[in-house]
Structures are given as C-alpha cells and as structure tokens.
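I have placed the structure first, in the form of structure tokens, so that the comments after it can refer back to it.
The values are calculated or read from the model by the stated rules, or taken from the named source; none is laboratory data. Predicted model only: the values in this text are computed from it and were never measured. Methodologically, a virtual Cβ is constructed for each residue, glycine included, from the backbone with ideal geometry; neighbour enumeration extends over all protein chains shown.
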Amino acid sequence: MRVAVVAGADPGHVFPAIALCARFAEAGDVPTLFTADRWVGVAADAGIAMVNVTGMTPVHEVDLGRALHERAAVQALALVPKLAAVAPDLVVCDVLAQGGAMAADLLGLPWAQLSPHPLYEPSRGLPPLGSGLAVGVGAAGRLRDVVLRAAAARSIRLGHRQRARARLGIGLDASGPGPVARLIATLPALEVPRPDWPDDAHVVGPLLWEPARQALPLPPGGAPLVMIAPSTAVSGATGMAELALTALRGTGLRAVVSTFGPAPDGLPSWARAGLGRQDEMLREASVVVCGAGHGLLAKALLAGVPVVMVPGGGDQWEMANRVARQGSGVVVRPSTSDALRAAVTRVLGDPRFAAAAATAAATARDVHDPVQVCRTALVD
C-alpha cells in the first residue's frame, strides 16, 4: 500500500507523522511524508521519503479558523500534482493539514485523519474542549455545560461555514465524504468518556519519534533528576526553562533541560541542557517539568514519570487538567518560581503521583494498530 502522510510543520504534529510513516514502512507499506522543507534532513535521517510543501508553518492570525481553511484551500491546489505523482492508495492528513484532505477529495482518493492528541471533536456529553473542565455534576453542573456548549457552538458553526466556502472556492462540494478513519494518537488514560464517540475514530496510542540520535550527558550525583522540557508549540509558555532552573536552585536536585534551541545561559553545575534522546532522560528522571503539550506528556506517562505542568495556550490547558484529574501531575498557575518549586517537591514527596503515571502507562495495552485500522478502512 502506498500512503501519503501530510503534516503541519510544528514538531508536535510532524514528529507523530514521521512515527506513523515508520510504522507503515515496518509493515511493508510505502509511505511518503508531505510537510515543510525544514524537516527534509530529519526525514532523510529517519529513512522516510519526503516531499516539500510550502505554507505549512503555524498560523498567527486573530481569526484562526478562517486562516486555516483559506490556507488549506491554497495548499490543496499545490498538493494535487505532488500527490498525483506519488499515486497513493491512501492519504493520511494531520488535523492541522486540512489541505491534504481537500487535495485527496480533488483527486478522488480516500483519506484518514491523524489526531496527534486526544479526540477534540465537540460532544453533547462534555464541556467545550479547551476549557479544562471536568463534566459538570448535578443540575447546576449540567446546566453550566449546556450553556458553555451553546456558546462554543457559535464558533463551531462559523468554522463549518468557513470550511465550506474554502472548499467551494476550489471546486469541491461544501462538505465532502469525510475521512475513512480517524487515528487518535493518544493514551486511553488521556481520553475522557463521551456518549457520542464516533464509530470511525480509533485510539491508536501515542505516535512517538526521537529526533536526537545520542543521549545527553546527565549531571553527576545521585540526587533525583528533574527533566525540564520547554514547549515546542508556538503557543507554549515562554521562559519555562529559566523559571524551572530558578525554582530548583538550592533544592539539591539535579536537572536536565531538553531543548532544540540554545541552552539557557549560566547553567549551574547540577544542570545540563541540549538536544538528546528524551527516552534516555526519562529513564533517569523522577519528575518532568513541561508545558503540557501532548507529545511530551505522552512520553512521560508512558515511562511512568509524573509531571509538573506550566501550560501555555492552545490545547495545553485542556491536557494539563486531564492529567491532573487522572492523578499523574500538578498544574502550576500562576507560574512563579515558588509555585513551581512547591509543585516539584510535592510530586517527588508523594508516591501516588508516580503510581498514577504507571496506571496511565498501562492503558497503552488497550489501543489499535494504526496500520491495521487504515487497511481495514480501505477494505470497508
């Protein structure tokens, strides 16, 4: 089976796409990654064939929905000849690469959707996604959720109209056939029960990929290790590494900062920073300080490591609160050094956090194989 995987350029989206390509290749299929040119070398190092797609960088717009749909229509027209040249049997589109779905529809190709996080579709049984709220309890709680869903529904309807206009503008019908399957690449522990789970949505477990080849040397000593992982998302909290190092000063703990960019200035002797294999860091870490992006949360929980979360924008508030309710971590807000130090101390001092992380990791047994899901969807 020839598979085209179209992904947005943000690391939180392109890394799961690379991981999915690797899964297809291991199963004997022929995947091709379509994403921004900044990842050409990375894909080559991973042994993944890649086609460069312009306009895949994250959007900074007030009206994000309009920008996404209009950009998707432009991307679709650019993608059509590139997809046609590959002649895939299936197109898999990241949720932020809707141009791939439109291009597949223009070519009459089946497509599947890849969500590198929990299912973010609205539900009649949940408060609006992004609120971070648990399901309301009692009459007052249910009424709260009804009111919040009604308010969110206006934005959802606007997004549907924007998508319809974008599709009509490139010669498609307003809605289209939709995906043959949806791959929800998360841990079951990070999902929430809903009464209207879609039949075509399948939890396939986190799709994780390590961009680094070598381990980063850790600071010496036997004190507990704190792994600090600043968010790679454009909406992530800024200055988190510096804040965490300030918070840990004088605690006697060791720290390692996992970063794609330059290391923070003036690192103390008990800390190290740089690009290294995060799976190796997690084997040694007792707690992770992160921005609550799904990718790093999934890595930490799969390793059974509890988390202290400093959420930024986007879906990070939602994810942070889900993890806190599950018991694997603590949310720090407002993000001060005193609050962060107290949270790290609390997580290290209470074994229930690590036990909850281990419980979350165990749910990885209850997932579907994404390759088999795609093959079955094509047959059906």
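Looking at Pro16, Pro31 in this structure, which one is in contact (Cβ under 8 Å) with a residue 40 or more places away in the chain, crowded, with 24+ Cβ neighbours inside 10 Å and either in a helix (DSSP H, G or I) or out of contact with any Asp or Glu (no Cβ under 6 Å at 6 or more places or on another chain) (or both)? Going through Pro16, Pro31 in turn, just one is in contact (Cβ under 8 Å) with a residue 40 or more places away in the chain, crowded, with 24+ Cβ neighbours inside 10 Å and either in a helix (DSSP H, G or I) or out of contact with any Asp or Glu (no Cβ under 6 Å at 6 or more places or on another chain) (or both): Pro16.
Among the residues of region 227-238, are any among the hydrophobic types (A, V, I, L, M, F, W, C), outside the structural domain of Leu340 (by TED's automatic domain parsing), part of a loop (DSSP other than H, G, I, E, B) and under 28 Å from Pro118 (Cβ atoms)? For region 227-238, residues among the hydrophobic types (A, V, I, L, M, F, W, C), outside the structural domain of Leu340 (by TED's automatic domain parsing), part of a loop (DSSP other than H, G, I, E, B) and under 28 Å from Pro118 (Cβ atoms): absent. Residues that are crowded, with 20+ Cβ neighbours inside 10 Å and either assigned to a loop (DSSP other than H, G, I, E, B) or over 16 Å from the mean Cα position of the chain (by Cα) (or both) within region 283-302 comprise Ala285, Val287, Val288, Val289, Gly291, Ala292, Gly293, listed in sequence order. For region 193-210, what are the residues that are buried (at least 18 other Cβ atoms within 10 Å of the Cβ) and assigned to a loop (DSSP other than H, G, I, E, B)? If the condition is that a residue be buried (at least 18 other Cβ atoms within 10 Å of the Cβ) and assigned to a loop (DSSP other than H, G, I, E, B), then Val204, Gly205, Pro206, Leu207, Leu208, Trp209 are the ones that fit. The residues on offer are Ala67, Ala104, Ala140, and the sole one that is part of a helix (DSSP H, G or I), surrounded by fewer than 22 Cβ atoms within 10 Å (Cβ to Cβ) and either in contact with a Cys (Cβ under 7 Å, 6 or more places away or on another chain) or at pLDDT 95 or above (or both) is Ala140. Out of region 80-99, which residues are at pLDDT below 95 and assigned to a helix (DSSP H, G or I)? Matches in region 80-99: Gln98, Gly99.
Of the residues in region 66-84, how many are touching a residue at least 24 places away in the same chain (Cβ under 8 Å) and out of contact with any Gly (no Cβ under 9 Å at 6 or more places or on another chain)? Break it down into steps so the answer makes sense when it comes.
First, the residues of region 66-84 that are touching a residue at least 24 places away in the same chain (Cβ under 8 Å): 66, 68-80, 82-83.
Narrowing further to those that are out of contact with any Gly (no Cβ under 9 Å at 6 or more places or on another chain): 80, 82.
Adding up the residues that qualify gives 2.
Among residues of region 177-198 that are in contact (Cβ under 8 Å) with a residue 60 or more places away in the chain and over 23 Å from Gly136 (Cβ atoms), those with a beta-carbon under 6 Å from a residue that is hydrophobic (A, V, I, L, M, F, W, C) and in a loop (DSSP other than H, G, I, E, B) at least six positions away or on a different chain give the pairs Leu183/Val204; Ile184/Leu119; Ala185/Val204; Ala185/Leu207.
Among the criteria (1) at pLDDT below 95; (2) touching a strand residue (DSSP E or B) at 6+ places or on another chain (Cβ under 6 Å); (3) surrounded by fewer than 24 Cβ atoms within 10 Å (Cβ to Cβ), the one Thr336 does not fulfil is (2). The residues of region 328-368 that are assigned to a loop (DSSP other than H, G, I, E, B) and touching a Phe, Trp or Tyr at 6+ places or on another chain (Cβ under 7 Å) amount to a single one, Ser328.
Only one of the numbered conditions (1) in contact (Cβ under 8 Å) with a residue 40 or more places away in the chain; (2) more than 16 Å from Pro230 (Cα to Cα); (3) in contact with a strand residue (DSSP E or B) (Cβ under 7 Å, 6 or more places away or on another chain) is violated by Ala324, and that is (1).
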